[in-house]
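Take a look at the structure set out below.
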Ligand SMILES: Cc1cc2nc3c(=O)[nH]c(=O)nc-3n(C[C@H](O)[C@H](O)[C@H](O)COP(=O)(O)O)c2cc1C
């Protein structure tokens with residue numbers, strides 16, 4: 001029997017899921033990433049966990065969803081990330097990430113990803129009233145300065161129905177491709 005070599009190992013993508021109304025469709029991105037030959041693990045914010053079908057996500061990825069820090073001495077539930085996609089990225093998490101706040105596991109992973117050189121992309125999903133806050137543009141500028149690629153989706157009108165159907169999950173993979181293409 002041939003032992004798997006390092007080159008047989010698929011790259012590992014963390015999908016960081018925040019508490020947005022569109023989060024329940026994260027299975028679309030998991031499917032697309034697996035079809036593009038990624039292994040996938042999901043990290044949800046504590047609020048985000050309430051927006052997804054955890055059982056379905058775990059069955060799809062084959063890994064437990066991470067939401068909180070493990071206890072000292074416990075094994076790591078996920079392999080290290082080769083890349084990270086924050087999708088959907090909320091107003092709250094974008095601003096806290098840019099400010100260096102690390103009070104959820106998701107934020108802790110994102111804040112460290114910069115120093116560890118892990119390619120990271122984010123697909124914001126928020127409304128125009130949230131986006132009008134001056135902190136939001138500053139946060140995006142800071143994240144871009146850190147090398148984070150930001151999706152092209154524009155904020156939707158507050159309480160606009162139908163905006164979720166237009167969320168382009170696959171853009172996360174399109175943005176990652178040039179960042180990780182040569183490493184895969
Ligand atoms: C039904 C519902 C939908 C929401 N959708 C969004 C959203 O699309 N974008 C956003 O930034 N916040 C949204 N929020 C507000 C966030 O859930 C809230 O700011 C939360 O604290 C974000 O937590 P997180 O960034 O840790 O995931 C929504 C809240 C509710 C109750």
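The values are calculated or read from the model by the stated rules, or taken from the named source; none is laboratory data. Just so we're clear, the structure is a prediction, and the values are computed from it rather than from any experiment. Heads up, the Cβs are rebuilt from the backbone with ideal geometry, glycines too, and the neighbour counts pull from every protein chain shown.
Based on what the data block shows, is residue 71 touching a helix residue (DSSP H, G or I) at 6+ places or on another chain (Cβ under 7 Å) and more than 16 Å from the ligand (Cβ to nearest atom)? Break it down stepwise before answering.
Details: touching a helix residue (DSSP H, G or I) at 6+ places or on another chain (Cβ under 7 Å): no; more than 16 Å from the ligand (Cβ to nearest atom): yes.
Spelling it out, it is not the case that residue 71 is touching a helix residue (DSSP H, G or I) at 6+ places or on another chain (Cβ under 7 Å) and more than 16 Å from the ligand (Cβ to nearest atom).
Restricting to segment 147-167, name every residue that is on the phi < 0 side of the Ramachandran plot and either exposed (fewer than 14 other Cβ atoms within 10 Å of the Cβ) or in a helix (DSSP H, G or I) (or both). Please lay out each step first, then the result.
Just the residues of segment 147-167 that are on the phi < 0 side of the Ramachandran plot, to begin with: 148-158, 160-161, 163-167.
152, 154, 157, 158, 160, 161, 163, 164, 165, 166 - these are the residues of segment 147-167 that are on the phi < 0 side of the Ramachandran plot and either exposed (fewer than 14 other Cβ atoms within 10 Å of the Cβ) or in a helix (DSSP H, G or I) (or both).
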Segment 37-48, subset outside any strand (DSSP E or B), in contact with a helix residue (DSSP H, G or I) (Cβ under 9 Å, 6 or more places away or on another chain) and over 12 Å from residue 16 (Cβ atoms), residue nearest to the ligand (Cβ to nearest atom): 47
Evaluation of residue 82 against (1) at pLDDT 95 or above; (2) within 16 Å of the ligand (Cβ to nearest atom) (one fails), failing number: (2)
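Suppose the filter is part of a helix (DSSP H, G or I), away from the ligand (no atom under 16 Å from the Cβ), exposed (fewer than 14 other Cβ atoms within 10 Å of the Cβ) and modelled with pLDDT of 95 or more; does residue 56 pass it?
On the way: part of a helix (DSSP H, G or I): yes; away from the ligand (no atom under 16 Å from the Cβ): yes; exposed (fewer than 14 other Cβ atoms within 10 Å of the Cβ): yes; modelled with pLDDT of 95 or more: yes.
Yes, satisfied.
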Residues located in segment 124-152, provided they are within 11 Å of the ligand (Cβ to nearest atom) and within 17 Å of the chain's Cα centre (by Cα): 124, 125, 126
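Considering only segment 18-29, state which residues are more than 15 Å from the ligand (Cβ to nearest atom) and either without any contact (Cβ under 8 Å) to a residue 24 or more places away in the chain or surrounded by 21 or more Cβ atoms within 10 Å (Cβ to Cβ) (or both).
29
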For residue 92, are the conditions met, namely being within 10 Å of the ligand (Cβ to nearest atom), touching a strand residue (DSSP E or B) at 6+ places or on another chain (Cβ under 7 Å) and touching a residue at least 12 places away in the same chain (Cβ under 8 Å)? no
